[in-house]
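Only the coordinates and a few stated rules stand behind these numbers; no lab work does. Remember, it's a predicted structure, so these values are computed and weren't measured experimentally. Every residue, glycine as well, gets a Cβ built from its backbone with ideal geometry; the counts of neighbours run over all protein chains shown.
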Amino acid sequence: MSLTLNPPTTLLSVRDLHVNFTSRWPQEPNIDVLRGVSFQLERGERLALVGESGAGKSLLATSIIQLFDTSARIRHGSVHFEGQDLTQLSSKQLRQVRGRRIGMVFQDPMTNLNPNLTLEQQLLQCILSHRNISRAEARLVALHKLRQVHIPAPETRMRQYPHQLSAGQLQRVTIAMALTLEPALIIADEPTSALDVTMQAEIISLLTHLCHNNGVALLLISHDLSLVAHASDRCLIMYAGQIVEQGHTKSLINDAQHPYTQGLIRALPQMSQPGQSLYQIPGQMPLAQELGNQCAFANRCEHAFAACWSQPPTRTVTLEREVSCHLVNPAPAPAPPAEPEL
Amino acid sequence: MTQTLLSINNLYKSHAAPNHNSAWWNLRKTSYISAINGLDISVKRGETLCVVGESGCGKSTLARLVMGLEKPDAGTISYQGEIISGLSDKARMPYRRRMQMVFQDPYTALNPRHTVLHALVDPLLYHQPNLHRQHAVDQAMAQLLAVGIEPALAQRFPHQLSGGQRQRVNIARALMVEPEFIVADEPLSALDVSIQAQILNLLAQLQSQQQLTYLIFSHNLAAVEHMADRVAVMYDGQVCEIASREQLFSQPQHPYTKALLAASPQIYTPPNKHHRLVGDVPNRIPLRHVQHGCSLQDRCPQAFETCRHQTPQLTPLTAQHAVACHHTQPPVSQGNSHDSEH
Amino acid sequence: MNAAQYHGHHIWRRFRRQQLWLQLKANKVALISSVILLLLTVTALLAPWLSPFDPADLQQQNIMDAELPPAWHEQGDSRFLLGTDGLGRDILSSLMHGIRTSLWVGFWAVLLQLTLGTALGLCAGYFGGWMDRLVMRLADFQLTFSSLMLAILVLAITRAAMGAHDYHVWSPWLLILVLGLADWPQYARTLRASVLAEKHKDYVAAAQVLGYRSRHIMVMQILPNTLSPLLVIATLQVAHVILAEAALSFLGIGMPYGNPSLGGMMGSGFEYMLSGLWWIALIPGVALVLLLLSINLVADWLRDALDPKNIGQQQ
């Protein structure tokens, strides 16, 4: 059914995804934290997901593979991956998809690896649990992947424990681990924010090159637009649980249409003269429960007008851009069934 | 004539290292990791001195040493000509009120059980027990307004605030005792991009209003370029380059500075691959032998023979610019031949 | 905004603002157990006035009333609601006084433990160095003795040394002292571990930078953040101490004869158990379980409710 909906090159298609958390207090309603997220990811594409903390980036990533904590729940929407709707799978089927078809790279490699096992044990465990090959073969695969991520002397490194490697090298190991099962998609959640500046650029370029060379699609999550600006083909800007703008990265940073994207770029320190005061987006992101029937950005937007306060903007889809803003689409017509751009 | 507020001379500090290799019965063999290696720096009244460097270069240790949270092994820290580094807690008291600190993680820097108002009023009442409570509360509310926190938030606990609000509260608390010198350890790194601009503007505004002097530790070069008057680059516990902002960003001399600048993500220019360092930050293995030569020698693509056996000294190039690198200065007598490579 | 408002975390203020009350109402288990605990405590406090008989008054005992079953039993006597024991004492009255004794011993002994353990653990964790090593070695040493064994040893020796009459006067205090001193290492160890974790957080550094003295930082900044594990241990220890007191009374070296305690009652009821007089031992046993359970459940809830992180994002 999904194959008829999506062209064959589409790897991941998220449609109108609503996720909420079960409230601790029975009298409080459950409020959606992700509020209708739709996007598509082609095979081999590098897609960046940019947003502030609390915008729902990590929740979106974990919702795709349903690796969130038990209080979160997908209320509505679908996640089609390779023709399957992941929201309909049993937890056993999901385990097959996680790791095997979708690899994850997390923020802090130190907590992502088990400190009590050597890298070899962890890599082999990861390979052998999903693939039916011998230990010796698995070891060769692991060594090969470690060489791919430029770990010097992988044979000796493999016998070491995580604390014996630097953070940058550990992050390479986790990238290698994500790649060992030859997944179709790698989700990297802030892969460099625990690393040093000089390491950041290197890890990002390693990640994007490896994905490119192996034909693996990449969903790169970051809070830093300038970090992903040169590492992604397309970019999603997320704000308060919604995607406010998406498009090709180059055109998006050169010609941002949503006031939030514009603000993010203008607020970068290099955008203003040293010593002068920076452009700042006033205020802060509203919490999910504070949002009524309005544009989520209205309280911080310098262009906000009456319509912004009375109804949420609809998505305007042009050939290569998708924006949710009343400024771009001033006459809010009844929302057409949104077709994400290709 | 600008007056020197803080001066640090030939400072050394090392920490006892957890020793993974030695057996448990070997109690006496404590090894040490040097964090600060003969550092000299001075801060002039009214300026903003930014210290940049990666994690592990000794930034946080230096901040703690300046604030008297740790005692140096050797060397002195003096404030307005008075040596404050060896003082007892009691003798240090007058300086506590003149120098304050803003921490990296605004959440852990606030006591989770104290409301915002409590956190601000507490230091006042502690130092002036006779102060009328209402008076203290009024001062706290005024300070909150000055840092842009609405009075309604005064009764909140830290976990009820956003990251930017927490950092504003931290700044307000530091300002409650009316200091003239503020040390900030990575004040932006825990904040979102759109909030970083707000805090940068706030710091600049407070500086001009209250004639504050800043010593700011950061790895965010874009922010440093925006706010610094002078910039010191730190590597392995030493200053490797110090210059005025314009000179450092337009004519960096030290290979490490160049690498840092190249690694700093820029939204419109793709990352520069020419100045990349090889390898990682040296794994902080306890000193087994005294290392000779430049501490960057293993990562520097331009390292030559002299770098292997002679430690470069910080040498002024111009009045505003000093570098510790053999490439920018003639080697001292013994290293007479540096024929090879570049 | 005025000065009175600035201590925003004050428990009573929060109760008045109805947050605690609402949370209590939402949690049925906590609500029921706090009602039970409240009832038991009030009964215990008012036992001298509420109880139909005075268990210590020999005049009110009649051996003819001995071994009467509870009132709802067909052979029961309406004067003795829960029946009588082998000496003709009213079990309800003994129970009220017994709960009083148990709560009293439990409260003071735990307060003693808590104070000692907190002070030592706080110093060990905060100052470190030789102080830490000394306290922890002392704790190890103390832990090698079972507290019950220590109590038996001390109580037996003092009983022999003092003679029966003096011992009866002093035994409640002695019991509290022994039980209170024996169990401090648990508090000290737990607290030391939490203090070590808290000590390196930035708010402690901020407090140092603001020029607070060590004592102020330890007590006002660090201690409140390490209280919740202590609270857990303390409630478990109230139960433990009450049980220990019951065990010692059961063995005959706890509370004196005229001063009924739950353990003593169970001990004396034990002999009658096999002859079918189940109520003499069972009723104090049920009361003990009820008491301990309600204390634990209420403490559990209180720990969560007092954590400021559990106040919602919106006040």
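Tabulated data for the structure shown
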{"quantity": "Averaged over A:198-205, number of beta-carbon atoms from partner chains that fall within 10 Å", "calculated": "6"}
{"quantity": "Gaussian network model of chain B, Cα within-10 Å springs - most flexible of B:Lys13, B:Lys90, B:Lys71", "calculated": "B:Lys90"}
{"quantity": "Gain upon complete extension [B:Asn272, B:Ile83; 0.36 nm per residue less C-alpha separation]", "calculated": "63.7 nm"}
{"quantity": "Cβ-defined net charge surrounding A:Pro274, 13 Å radius [Lys, Arg +1; Asp, Glu -1]", "calculated": "-1"}
{"quantity": "Angle in degrees between helix B:163-176 and the longest Cα principal axis of chain B, rounded to the nearest 10", "calculated": "80 degrees"}
{"quantity": "Spatially proximal lysines relative to A:Lys145 (Cα-Cα < 29 Å; intrachain offsets below 8 disregarded)", "calculated": "A:Lys57, A:Lys92, B:Lys273"}
{"quantity": "For segment B:116-174, the fraction of alpha-carbon pairs in successive 10 Å shells from zero, as %", "calculated": "25, 57, 17, 1"}
{"quantity": "Cα long-axis angle, helix B:133-146 against chain B (0 to 90 degrees, to the nearest 10)", "calculated": "50 degrees"}
{"quantity": "Estimated FRET transfer efficiency (A:Leu67, C:Ala160; beta-carbon r; R0 60 Å; 0.05)", "calculated": "0.35"}
{"quantity": "Cβ-based charge dipole, segment C:17-310, positive-most Cα from C:Ile99, C:Tyr203, C:Val298", "calculated": "C:Tyr203"}
{"quantity": "Estimated FRET transfer efficiency (C:Leu45, C:Asp140; beta-carbon r; R0 45 Å; 0.05)", "calculated": "0.70"}
{"quantity": "Under the Karplus curve 6.51 cos²θ - 1.76 cosθ + 1.60, θ = phi - 60°, whole-Hz ³J(HN,Hα) for segment A:83-100, x wherever Gly or Pro sits", "calculated": "x, 9, 8, 5, 6, 9, 7, 6, 5, 5, 5, 5, 4, 5, 6, 5, x, 6"}
{"quantity": "Isotropic mean projected area of the C-alpha convex hull, segment A:246-329 (nm²)", "calculated": "6.2 nm²"}
{"quantity": "Given B:Lys71/C:Lys201; A:Lys250/B:Lys59; B:Lys59/B:Lys90, the pairs whose alpha carbons are separated by over 24 Å", "calculated": "A:Lys250/B:Lys59; B:Lys59/B:Lys90"}
{"quantity": "Approximate spin-label separation B:Ser208-C:Met149, in nm, with each point projected 7 Å along Cα-to-Cβ", "calculated": "7.5 nm"}
{"quantity": "Cα-based radius of gyration of chain B once divided by 2.2 N^0.38 Å, which approximates compact folds", "calculated": "1.08"}
{"quantity": "Under the span-like rule (Cα at least 15 Å along the axis, Kyte-Doolittle mean at least 0.0), DSSP H helices of chain A", "calculated": "A:167-180, A:197-214"}
{"quantity": "Environment charge of B:Thr315, counting only residues whose C-beta is closer than 13 Å and scoring Lys/Arg +1, Asp/Glu -1", "calculated": "-2"}
{"quantity": "Structure-based [θ]222 nm, the protein assembly as shown - -39500 (n - 2.57) summed over DSSP H runs of at least 4, per residue, nearest 500", "calculated": "-13000 deg cm²/dmol"}
{"quantity": "Loop-located chymotrypsin sites (Phe, Trp or Tyr not before Pro) in segment C:174-282, at most 16 other Cβ atoms within 10 Å (DSSP)", "calculated": "C:Tyr257, C:Trp278"}
